[in-house]
1. Could you order the peptides A:483-492, A:304-313 from most to least packed, using the average number of other C-beta atoms within 10 Å per residue?
2. Using only C-alpha positions, report the orientation-averaged shadow area of the convex hull of segment A:31-127, nm², one decimal.
3. For segment A:144-265, what are the per-bin percents of Cα-Cα distances with bins 10 Å wide, up to the bin holding the maximum?
4. Beyond 17 Å, how much of the Cα-Cα pair distribution for segment A:431-478 remains, as a whole percent?
5. How tilted is helix A:35-52 with respect to the longest principal axis of chain A? Cα atoms for both, answer in degrees (0 to 90, nearest 10).
6. Tell me, in nm to one decimal, what length is gained between A:ASP322 and A:GLU227 on full extension, where the rule is 0.36 nm per residue of separation less the Cα-Cα distance?
7. Suppose a student asked you for the relative contact order of chain A, using Cα pairs under 8 Å spaced at least 6 residues apart; what percent would you report?
8. If one computes the Cα centroid of segment A:129-189 and of segment A:548-562, what distance in Å separates the two points?
Amino acid sequence: MDSHKSDLYPAFHSRLPLCELRAIIPFPRKIGGNMIRKQLTSFIRRTIVDVLEKMPADIPADIHLETPPRKDYGDFSTNTAMVLASQLKKPPREVAGELLAKMQGSPPGFIERIEIAGPGFINFFLNPDWLHECVRAILNGNGSYGRCNIGEGRRVLIEFVSANPNGPIHIGHGRGGVIGDVLANLLEAIGYEVDREFYINDAATSGQMQKFGRSLEARYFQLQGIEKEIPEDGYHGDYVTDLAREILDAEGARYNDMSNEDRLRTFTNLAQEKMIEHQRETLERFGITFDNWFSEQTLVEAGRVEQAIEALKARGHTYEEDGALWLRSTEFGDDKDRVLVRNNGVPTYLASDVAYHTNKFERGYDLLIDIWGPDHHGYMIRTTAAAQAVGYAPERLHIFVHQIVRLLSEGELVRASKRAGDLVTLDEILDAVGKDVARFFYLMRSHDSHLDFDLDLARKESQENPVYYVQYAHARICSILRDAEDTASERSLAAADLSLLNHETEVSLMRKLADLPEEVKLAAAEYAPHRLTRYAQELASSFHCFYTECRVLSDDDALTLARLALLRATQIVLQVTLGLLGVDSPERM
RNA sequence: GCGCCCAUAGCUCAGGGGACAGAGCAACUGCCUUCUAAGCAGUAGGUCGCAGGUUCAAAUCCUGCUGGGCGCGCCA
């Protein structure tokens, strides 16, 4: 039992804390994005109040209104009775009976019947009209279906990728990249105002950048046939040679005669500029654009690192020892204190990180999200500690770490090592399978699970892989809508009689469409963008079943129109879903 | 040694208190004179790593094991 720790570090819950959600969504947690859900929710709430007479101060947060796993459990289902059972010290089914009796007194019109099932679930069977209304809402929604305003415009800064400017974007960055990008999309969809930021570790004092400059310089000379050694712990990757060639091709040998000191400085700067440019290009290929590329060096130059250190001193969270300045991070749960300023007077990475996070808060964000690779997980505590030490509530800084990505090639794992140069770049993945497959594959696994990217398989399976399965659904729809261009105008679809849609596969498809708002909300709130790929596959599956069973274009004009409306709605939901994933919705395949 | 993550179908993984544990791939059987077969239907496949505990209810939460991955600098 470690409640002490979790009290101290709520930020470590890798999701929006439920308390926050609860403040926004009073009850129950799984309120939906359509009217029916809201009405059902308040109906259940009223019933609980009636039955319990005195309402408990807090209705337990684990009461859910959910979509049951099987259709004979109804359209919606709640665990209310089972949750209340322990409070009331009665068997769940008995509690359910009392609730049911009360509910049947004055059920809202949209409820057809209510049943008690299993251990005490209360299942609601709705009049099918609710699905038709849902389809109409999609058709009339102007692409806004699935969106809501939980965020109420609060500002979120999500920082991700932040690769060091001394190497290309590799497959690990790719993972952080999609997770961050799609999470940003999701948070925007639920009403947050989101900025995406890439932090550049470009501090001029850093030894790694100088080593990088020296490595580039060596390659530059080598390409001219001049003997020059790469530093032993320098960067040996081919990309360094490529950069050197770029420079040589563009500017010739003009750097040969510079003083060593000037040349090193020049090459360090050049190396960095070129590298960042390449990173930006790769990420753009991958569908990721940042609102801001934030330079560490600007913090240093503006004296912000000094200020951050002074702020920590002023708050009494530092002390001097062995000639260094230490942050008393153990006060905030770290297992040891950390150095802020080395005994040679140079601030550590942590010091600029404090300055950076302070700066983020000062720019007015309500919530900061950092997405880090697994090699940084040891820094979660000290960074959170530092943020607290400068006075920011840890709930406002969510750091989460994804697990490693390895490349599986010809059945063998390829380990990435930047300095040795045998890393696998994101560009290689993009060359092999393209943006859509890459993004989708990355998001088929939860972020805290390891990911072996089997390139051969991704390529080989490109005929039957889940991305194409989903995109194919969209292309099929487009094809029919093209054929029906004349009848499928927006106006005629609006007049369609949707009550004709009562084939089993039509109903399943409509139900799936109705789930989107809830899926978006959960994926966002749980920081689980991978939920969306699953939803996309389920939606596509529902569509393909429908397609096989029901012919859309027929002699029956009314039915044709109704099915065209359903098609159009499905197309919209597919577009919204794929759009959130940053995957294209092709019109033909 | 300490910290984080993982262990579920042959393989890769979802599900993270609730109703008979799911999907894709692989295997087997069917379905194209009709809107795209990149599709559909069906069969087979599981002591949810092990042992305790909490609960009306545990794959899910807690504790302890076992096995694996990653990290643990006055590097960034």
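1. On the way: A:483-492: 12.2, A:304-313: 18.5.
The most tightly packed comes first, giving A:304-313, A:483-492.
2. It is 5.9 nm².
3. 12, 30, 23, 16, 13, 6, 1
4. When every Cα pair of segment A:431-478 is considered, 36 percent fall beyond 17 Å.
5. 70 degrees
6. Details: separation 95, 0.36 × 95 = 34.20 nm, distance 4.30 nm.
Here the answer is 29.9 nm.
7. 17 percent
8. One Cα centre to the other: 35 Å.
FYI, it's all coordinate maths here, none of it is from the lab. Keep in mind that what you see is a predicted model, and the values were worked out from it rather than measured. Don't worry about glycine lacking a Cβ; one is built from the backbone with ideal geometry, like all the others, and counts go over all protein chains shown.
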